[in-house]
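Q: The structure is given below, and queries will be raised subsequently.
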Amino acid sequence: MYPYKQKCQTSPMVVRTSQGHSSRKVFDIRDGTSLGNLLRDYARAFKLYHIDMENVRESIVPVLTYAGLLTIQIFGFLCIVSWAEDMGGISSTLGLSFGAFCAMIMFFFGAGYIYRGTLGKGTDTSYISYVYVVALSVVHYPYLMFVGLLTKGIWMFLCMMAITSISQFLIRTSMLRNHSFENHRDGFMFDIITFILQCGFCFGSLSLFSLLSPAN
């Protein structure tokens, strides 16, 4: 009788272990991979929550994947704008999308380098972390670009301002989360640099899209 009792007692433990292992696999797919982390951070940035720079992986693959995702979105929205305006020009749309991809890559890595040098946190926060945050700061770019190209005029300007303000907010809440400036001057200089970089990218790229859009 004793061996039988022992078998009955240990069987439920095996079942529980198996179920726990299955649950871990499900969560690993969502949160344990580079793609899972990217999707999680994409959702956080879209909802205007900060990005945890300390948990960013040392790889450029998520940045390139994210830039590719934005490029696909931009291409799709440009096609819709072209169709809505009764224009053709699929080749020009492809050219604009490829140009957007190249411009984003240069901006992400260039601005990330400047932010890292400005904050002086190179010893405890990686360069890729800054690039990653800069990339996610423009998560709303394709959507507001789409609205701006459709509405034009003053609404295009308002969309530019919205993208700039949102990107500045995400930069500040993520990069300055565990950082304190030595004096008010340093904080002000960071604000100026953030405004110039984010505003320059958003206004410059949207202005070019407006001029070179197949609908024009």
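Q: For the pair residue 94 and residue 176, what calculated FRET efficiency results from E = 1/(1 + (r/R0)^6), where r is the Cβ-Cβ distance and R0 = 30 Å, to the nearest 0.05?
A: That gives a FRET efficiency of 0.20.
Q: In nm, what is the difference between 0.36 nm times the number of residues separating residue 186 and residue 48 and their Cα-Cα distance?
A: 47.2 nm
Q: Just the Kirkwood number for region 59-212, please: inverse of mean 1/r across all distinct Cα pairs, in Å, one decimal.
A: Averaging 1/r across every pair of different Cα atoms and inverting gives 16.2 Å.
All of the numbers you see were taken from the coordinates with simple rules; none came from a lab. These numbers come from a predicted model, not from an experiment. No Cβ is skipped: glycine too gets one built from the backbone with ideal geometry, and neighbour counts run over all protein chains shown.
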